[in-house]
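One structure below.
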Amino acid sequence: MDIKFKPKFEHRPNVGKSLKIIPLGGVGDVTKNMYVYEYGNDIIIVDCGIGFPDEAMLGIDLVIPDVTYLQDKLNKIRGIVISHGHDDHIGGLPYLWPRLKAPIYAQKLTAGFIGAKFAEHRLPKNAIHTVNIDTELQLGAFRVSFYRVSHSVPDATGLVIETPVGRIVHQSDFKLDWTPIIGQPPDVGTVATVGKKGVLLMLIDALRSEKPGYNPSERTIQPTFERIESETRGKVIITTASSNISRIQQAINVAVEAGRRVALIGRSMEQNFQVARDLGYLQVPSGVIIAPDEIKRFPDAKLLLIIAGSQGQPTSALSRAANNDHRFVTIKKDDAVVFSADPIPSSESAQNALIDKIAKFGANVYYTAVNDALHVGGHAASEEIKVMINLVRPKYLMPIGATFKGMRAFSKMAEELGYGDDKVLLVEDGRVVEVTPSKAAVNGRVEAKNVYVDGLGIGDVGNVVLRDRKVLAEEGIVLVVVPVDAQTSKVAGEPDIISRGFVFEKGAEELLGRAKRVVEQSLNEHPESALDWRFARRHIEESLEDFFYRETQRHPMILPVVVEV
């Protein structure tokens, strides 16, 4: 739905004298960005993202913000305004919108990404309103306007929020790229005009405040892709964030010049590509794109694959290909696998493990640790942040979207611009920033814990524990012990299966014997090299779950354990 006018809302008199700004995610943990602006009887929300589990969060798929604070204030929420289309800013909407039920406002590409997620979750897409860069929204006591910035996804914006206490600038993820691949350069003229009017507080992306200087332009990536393609006799396989439309366009450009066909691999990659292409953000000549099941029709030297899984996610298309478990993609010695993405803070080890696994195939693996020309940061470095602050000249600053060490580096950088400690608000999720016409200060706290999505539903860790207890009580547990040679990481003997609360072992030798063969078959599907045990554990779980349910109609908890010998 396109917005061509200022929507009207029933507005009740406000009784508050101060503005509250409450980050429910996005400070200290980088991801799951979500910010509540509250004045009296009116609330707006900026962004609603997801976070990603670390290795200690066993069984967790996603992390989303805690909206407990909003549960008794749902009638006050006038709208959810989205800054740009990355998952750490929009990915929480399918899980939280059914509770919030507020209209969503986003630029065209971002609205398209959200619409695809809502369709997948069978949610009403009429809740999503498409705005343009000139739109002004009157949302209760708040008037919101937009300005264009550059980032690693098109249609990224900064927000100007007019409030009864003063003007707030909410500058989420950005960088200063004067030659973007898609879209227009950042609109510093509008930013400067807003600054001249006077800005009380600026929330600003601080993720790369420790990095000196300026980021290179996104355009520097394509020559690197071209060099790798020219040196590769087999397939060129490029992995990047599925929302990095500019990077996808550059990969397609290289394929067209080299006469290679392009296949998009992975659900998120295919989905975002289709949205961007349908909306006119990708320029693709006819006949270049092929379906994944057509890959086998072409010689490897004529293929370029763009595949999901740049963070090393064990269920991603790239991880499955690296473990010979993908229906259409195999990785061979003459292939080049290009990681065109830096790991986010929680996924360094997962990405490194996947790179190591691919290297064992003999393929040429390119990644940013050895070639920094493969990725250009989407977040402003220190000099870019200084430019933005000097254009706006707010009275107070609040770094967002950064780790605590990043926020501390931001504070030191702000000192160079004349901002003392009392003018830089360093907060964490759940802290309340109270803003009056003359002052902004941290004052209070609300509940803002991590909320985990584990595939069965949405809830905190207590729900996951209760789920496990329920499974253990009703279905039992099966422990699969796999002996592994400590030197080669290969299977060193027959797996052992131990049952507790599932079937009585002495009465079910035949069943458990067949289960052993299922495990052996699962392991034997990867005979050519040492196994990726992160992947193998999941493969064993899936195989045994199917087997036991066919045989017993039960779902025991399955725990594969690798024992080095």
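What to note about this one:
- Built amide H within the under 5 Å cut-off of VAL446, gap 5+: ARG431, VAL432
- Residue-wise HN-Hα coupling along region 493-502, computed from phi with Karplus coefficients 6.51, -1.76, 1.60 (Hz; x: Gly, Pro): x, 6, x, 10, 10, 10, 10, 9, x, 10
- Loop-resident sites, region 122-174, for trypsin sites (Lys or Arg not before Pro), counting at most 12 other Cβ within 10 Å (DSSP): ARG122
- Lysines whose Cα lies under 18 Å from that of LYS235, excluding same-chain neighbours fewer than 8 positions away: LYS296, LYS302, LYS332, LYS333, LYS357, LYS360
- Highest mean packing comes first when the peptides 537-543, 242-248 are listed by Cβ atoms within 10 Å, giving 242-248, 537-543.
- Net charge over other residues, Cβ less than 13 angstrom from the Cβ of TYR69 (K, R count +1; D, E count -1): +2
- Computed [θ] at 222 nm, deg cm²/dmol, the chain (DSSP H ≥ 4; -39,500 (n - 2.57); rounded to nearest 500): -9000 deg cm²/dmol
- Computed from backbone phi with θ = phi - 60° and the Karplus coefficients 6.51, -1.76 and 1.60, the 3J(HN,Hα) list for region 23-39 is x, 8, x, x, 10, x, 10, 6, 9, 6, 5, 6, 10, 9, 10, 10, 9 Hz; x is used for glycine and proline.
- Protection proxy ranking of 22-32, 71-81, by the mean of other Cβ atoms within 10 Å over each peptide's residues and highest first, is 22-32, 71-81.
Computed from the coordinates by the stated procedures, all read-outs in this text should not be read as laboratory data. For clarity, every value in this text was computed on a predicted model and none was experimentally measured. We place every Cβ from the backbone using ideal geometry, glycine too, and count neighbours over all the protein chains shown.
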